[in-house]
Amino acid sequence: MADLVENCLHLEGLRVAAGSEYRCPVCEESLDLEGVARWVRDAERSRDKAYSMVEGDGFGEIVREELQREVYRRRRVMYELENVPRVVTARPEMILVIHDTGKASYECRIFYKEPRPAGGLEQVSVAAVQETILELRSDPDPVVRLISEKVEEFHAYRAKLSEVGEPAPERRVFYANEL
């Protein structure tokens, strides 16, 4: 996985993730806005190195053109991310929490009233470990903090049922009146 993250060109672009982070859908690397700027600067450095190639070489010209296209593509991705309007007060209408036993995690789907907020979270995965759940309580995104509370509540309920020996439910829906 480290090689995939390291060598990924983020060809499908970057998507808005929790807080002020952006995630690649292919390698799932998370970058903040400064990380995206570094990613663009890396492409610019590669392009600039290509200019020092021997003049008159047809192959060198092709390489420089390709590297310049990559710089344009990365800048376009960065400018699009910078211009994504953030909705600070978008509250979910419903949160579906599903316990995935195989991954030992909680998959959370967030549903909003229409119109859906631009850049709003739609899905979050949280490891089924108390420390990880509590770490999300300090996330800058209010929706992630809300999800943390509800996952913690569901996690405690499942643990209580398991202690008694009863089967724990695999999913829980939290509606707007419970949020």
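Which net charge results when you count Lys and Arg as +1 and Asp and Glu as -1 among the other residues whose beta-carbon is under 15 Å from that of Q130? Neighbour charge sum, excluding Q130 itself: -2.
With a Förster radius of 30 Å applied to the beta-carbon distance between S30 and F59, the computed FRET efficiency rounds to 0.25. Sorted fewest first by neighbouring Cβ atoms within 10 angstrom, L161, L67 come out as L161, L67.
Taken together, the values in this text are just the output of simple stated rules run on the coordinates, not laboratory data. Model, not experiment: these values are computed from the prediction. Every residue, glycine among them, receives a Cβ derived from its backbone with ideal geometry; neighbour counts consider all protein chains shown.
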